[in-house]
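K.L.:
Here's a structure for you.
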Amino acid sequence: MSNKIIIAIDGYSSCGKSTLAKALAAKLEYVFIDTGAMYRAVALYFLRNKIAFDDSAAIVAALTKITLNFSYNAATLKSDMMLNNENVEAEIREMAVSQKVSEVAAIGEVRDFAVAQQQAMGTQKGIVMDGRDIGTVVFPNAALKIFVTADPAIRVERRFLELRLTNPTISKEEITANLQHRDLLDTTRERSPLRQAADAKLLDNSTMTREEQFALALQWALDKIKEANG
Ligand code: DC
């Protein structure tokens, strides 16, 4: 089994994409890349530096000052997002960033900046990348594309349980509004809107456990890896 493949995982916010991508990468000994974290880090930089989202010149100038890296964290067994060598993994998950990230991710210059780096990460294959446009734009030739979806109420519930750990005052109403806002922006933006690629496998995990979802996706991956080595 020497030939490695690229696995593209797309879908709505809070559908469990990252959990699945991480587990697949660990099992296959592939590299996991959370592209949402890259857009979140850019959004954080724009917020901190008060970059107006409609000021093209300021955006282009700001992007030249941003370096994004992932750094493996042995304590959590996952990679943390580094923005100009600062670990921003926790801060990019906060509501202040979540509320603005979809607007930032809709900016053409930001997408060009992020996509170029994502494509460079894929040259060696052996990666599992999750996002919104991985199967449609970043790696249209990925051997395996999975489009993850789940019932909106279930997504809210999962996000609530996750965010409540760090933010005890968060309400389900707030989370519902944020998810609806992001879904709308992500699916209707002009540049690379969230779409299921024609050749992507649909995975609706509303009634699946993590283990069931993982088993199904792993089987798809093993089949594709076998094909790549056949
Ligand atoms: O997966 P996430 O919730 O961390 O993503 C944050 C935002 O970034 C989300 O609103 C959509 C956007 N995004 C994107 O446009 N393209 C990607 N490949 C990944 C994320």
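The values are calculated or read from the model by the stated rules, or taken from the named source; none is laboratory data. Please read these numbers as outputs of a predicted model, since none were measured by experiment. For neighbour counting, all protein chains shown are included, and Cβ atoms are generated from backbone atoms with ideal geometry for every residue, glycine included. What goes into the accessible areas is simple: the full protein's heavy atoms, side chains included, and nothing from ligands, DNA or RNA. Shrake-Rupley method; radii C 1.70, N 1.55, O 1.52, S 1.80 Å.
K.L.:
Pull out all pairs, ordered by first then second residue, where Cβ-Cβ is under 6 Å, the residues are six or more apart or on different chains, the first lies in the stretch 45-57 and is free of Cβ contacts under 8 Å to residues at least 40 places away in the same chain, and the second is surrounded by fewer than 16 Cβ atoms within 10 Å (Cβ to Cβ).
P.N.:
Sorted first by the residue in the stretch 45-57, then by its partner, the pairs are I51/A58.
K.L.:
Just the residues that are open to solvent by less than 100 Å² (accessible area, probe 1.4 Å) and more than 16 Å from the ligand (Cβ to nearest atom), please, taken from the stretch 168-201.
P.N.:
S171, K172, D199, K201
K.L.:
Can you go through Y39, Y45, Y12 and tell me which one is under 13 Å from the mean Cα position of the chain (by Cα), at pLDDT 95 or above, among the aromatic types (F, W, Y) and within 26 Å of L163 (Cα to Cα)?
P.N.:
Just one listed residue meets the conditions, Y39.
K.L.:
Between I92, I107, I127, which is over 16 Å from the mean Cα position of the chain (by Cα), among the β-branched types (V, I, T) and crowded, with 16+ Cβ neighbours inside 10 Å?
P.N.:
The conditions single out I107.
K.L.:
Of all residues in the stretch 38-72, count the ones that are within 16 Å of A120 (Cβ to Cβ) and either in a helix (DSSP H, G or I) or within 16 Å of the ligand (Cβ to nearest atom) (or both).
P.N.:
Residues in the stretch 38-72 being within 16 Å of A120 (Cβ to Cβ) and either in a helix (DSSP H, G or I) or within 16 Å of the ligand (Cβ to nearest atom) (or both): 5 in total.
K.L.:
When only residues in the stretch 110-121 that are surrounded by fewer than 19 Cβ atoms within 10 Å (Cβ to Cβ) and over 18 Å from D186 (Cα atoms) count, which is modelled with the lowest pLDDT?
P.N.:
Among those that are surrounded by fewer than 19 Cβ atoms within 10 Å (Cβ to Cβ) and over 18 Å from D186 (Cα atoms), it is M121.
K.L.:
Listed residues R155, R111, R182; which is touching a Cys at 6+ places or on another chain (Cβ under 8 Å) and in a helix (DSSP H, G or I)?
P.N.:
The match here is R155.
K.L.:
Right, next: Could you check the stretch 137-167 and list, in sequence order, the residues that are β-branched (V, I, T) and surrounded by fewer than 22 Cβ atoms within 10 Å (Cβ to Cβ)?
P.N.:
Answer for the stretch 137-167, where residues must be β-branched (V, I, T) and surrounded by fewer than 22 Cβ atoms within 10 Å (Cβ to Cβ): V137, T149, I154, V156, T166.
K.L.:
Kindly check whether there is at least one residue in the stretch 139-151 that is part of a loop (DSSP other than H, G, I, E, B), away from the ligand (no atom under 16 Å from the Cβ) and under 18 Å from C15 (Cα atoms).
P.N.:
Scanning the stretch 139-151 turns up at least one residue that is part of a loop (DSSP other than H, G, I, E, B), away from the ligand (no atom under 16 Å from the Cβ) and under 18 Å from C15 (Cα atoms).
K.L.:
Let me ask another. Give me the residue from the stretch 1-28 that is more than 10 Å from the ligand (Cβ to nearest atom) and within 15 Å of S206 (Cβ to Cβ) and, out of that set, surrounded by the most Cβ atoms within 10 Å (Cβ to Cβ).
P.N.:
Filtering the stretch 1-28 for residues that are more than 10 Å from the ligand (Cβ to nearest atom) and within 15 Å of S206 (Cβ to Cβ), the one surrounded by the most Cβ atoms within 10 Å (Cβ to Cβ) comes out as L20.
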